[in-house]
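For reference, the structure is listed below as structure tokens.
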């Protein structure tokens, strides 16, 4: 009887070891499959919308949190004088004014479900700068005088965004969000004249945008909306 019990123990141990080996092999295959998940960590693309207008985007997916945390950078630099010279005929060009716009943003994105893909939330800090020069601006106090106006507007703000990276090598990226500092609807500037005098004039952005209309109203209240295109590698 003791011999039979011993045989039963041997058989049980053999089956246990065999099952453990099978489980270990299965777990190893599963781990390899997990490790084999293809993550293209570098992304380079173009963003169109607000506040970017039209600019570049860089993103790097770090190994942190199973490749779900990324570093994100936006860059825009536009010279509207240069753009208008390309779009307008020589007779229509107006050399008396120039407008430059720049926007920089850096932050982090966290992907909810898949490593570096799908739905994500972002936290960013951005710097917006607008410079305007008008060299033939008429005086409000003396219509016979014209002077040079220079205006510089800066806004630094923290923002949060919700977006989705859709696609693999080539991707599409819609984003919506909110900036915690609204854009003003008017900007004061100093106009300097040849006789040494100066005056302050107010530029109302309604002259260029319908700030009370939709969707412009929401953009000036801090909302963010843009779409992006690019490729990963």
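Given the residues 217, 165, which is the only one that is in the same structural domain as residue 121 (by TED's automatic domain parsing) and modelled with pLDDT of 85 or more?
165
Condition check: modelled with pLDDT of 80 or more and over 22 Å from residue 48 (Cβ atoms). Does residue 121 satisfy that? Can you show your working first?
Numbers: modelled with pLDDT of 80 or more: yes; over 22 Å from residue 48 (Cβ atoms): no.
No.
Out of curiosity, is residue 179 closer than 30 Å to residue 118 by Cβ and at pLDDT 95 or above?
Details: closer than 30 Å to residue 118 by Cβ: yes; at pLDDT 95 or above: no.
Considered against the rule, which asks whether it is closer than 30 Å to residue 118 by Cβ and at pLDDT 95 or above, residue 179 comes out as no.
Here is a yes/no grid of residues against (1) under 29 Å from the mean Cα position of the chain (by Cα); (2) under 19 Å from residue 130 (Cα atoms); (3) at pLDDT 90 or above:
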residue	(1), (2), (3)
4	no, no, no
15	no, no, no
21	no, no, no
34	no, no, no
55	yes, yes, yes
61	yes, no, yes
103	yes, yes, yes
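Got a sec? Which of 166, 108, 119 is surrounded by fewer than 16 Cβ atoms within 10 Å (Cβ to Cβ), within 18 Å of residue 69 (Cα to Cα) and without any contact (Cβ under 8 Å) to a residue 40 or more places away in the chain? Talk me through it step by step, then tell me what you get.
Details: 166 fails: without any contact (Cβ under 8 Å) to a residue 40 or more places away in the chain; 119 fails: without any contact (Cβ under 8 Å) to a residue 40 or more places away in the chain.
On inspection, the qualifying residue turns out to be 108.
Against the definition (in a loop (DSSP other than H, G, I, E, B), within 18 Å of residue 224 (Cα to Cα) and in the same structural domain as residue 78 (by TED's automatic domain parsing)), how does residue 130 come out, yes or no? Write out each step before concluding.
Numbers: in a loop (DSSP other than H, G, I, E, B): no; within 18 Å of residue 224 (Cα to Cα): yes; in the same structural domain as residue 78 (by TED's automatic domain parsing): yes.
No.
Assigned by TED's automatic domain parsing to the domain that holds residue 202, at pLDDT 85 or above, in a strand (DSSP E or B) and under 19 Å from the mean Cα position of the chain (by Cα) - does that describe any residue in the range 134-155?
Yes - at least one qualifying residue is present in the range 134-155.
From the set of residues in the range 156-195 that are touching a strand residue (DSSP E or B) at 6+ places or on another chain (Cβ under 6 Å) and outside any strand (DSSP E or B), which is farthest from residue 100 (Cα to Cα)?
169
The values are calculated or read from the model by the stated rules, or taken from the named source; none is laboratory data. As the structure is a computational prediction, the values presented were derived from the model and not from experiment. Every residue, glycine among them, receives a Cβ derived from its backbone with ideal geometry; neighbour counts consider all protein chains shown.
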